[in-house]
Structure formats: structure tokens, C-alpha cells
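A short write-up of the structure that comes next.
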Amino acid sequence: MITWSEFERQQSALAGAGRRQFYQHGIGLAFLATIRPGGGPRVHPVCPVISPAGLYLLISAGPKQQDLRRDGRYALHSETCPPPRHDDNFAITGRARQVTDTQAAGVVRRRGPRSGPDRT
């Protein structure tokens, strides 16, 4: 799997379309699917943060954080709302990893839902 930053370098037009989907409402908005302990899906709305360092989610303690710690596989999906006549959505899958670097976490928090997308 590649990081968001690598994806932007390799597929800039597609990454740009994905960024626009995530930030169509001004803040990042998507649905995160994780795997419950019994193997079933769990879906939650989240606010993705795209920065020069990559794609991040700020996830507070709770079921989705526990799911990702146990099994890092995820799917992240965003769809145009209200949908136009054609199916306009963006989805990625991968394996999450926790960021413990406090400096990186601070950058992501500053660029989070209240500050809007990073357009640099």
C-alpha cells in the first residue's frame, strides 16, 4: 500500500478529485468502515484531514479506535451529497496505523475540521 502523499505524486488528478470529494462541505467528511470483533462491518462518519504529511483521521477513544487497534484494515468512502444524476464518489482502502509523534499529531489537529483543507 502507498501513502496519500505517494498517491498524490503518482496520480495527481485522481488524488485531487478525492480531495474535492472529502472537502465538498468545507471540512473533511467521509464514512469510515472498520471490522468489529465478530468480523462484521462498523461504519462511522469521520473528518479526514489531508495535509502535506498525508491523510489522517482524528479518532477519539471508542469502538472504531478499538477496531483499528485490533485490525487496522479500513475503507474510507465519500459521496457527493445530494448526489447528481451520476454516481460521484471516492473510496480508498488500507491499513491504519496510529501516529504517536506529538509534533505530527499537533499539525493534524491544527488542520482538522475547524481549519478546513490544506490547499498547499
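Throughout, read-outs are computed from the coordinates displayed, never taken from laboratory work. Being a predicted model, the structure only gives us computed values, none of them experimental. Here Cβ is always computed from backbone atoms with ideal geometry, including for glycine, and neighbour counts include all displayed protein chains.
Compactness of the chain, taken as the C-alpha radius of gyration over 2.2 N^0.38 Å, stands at 1.04. Multiplying the residue separation of His77 and Ile27 by 0.36 nm and subtracting their alpha-carbon distance yields 16.5 nm. Relative protection proxy for 46-57, 15-26, from highest mean packing down: 46-57, 15-26 (other beta-carbon atoms within 10 angstrom).
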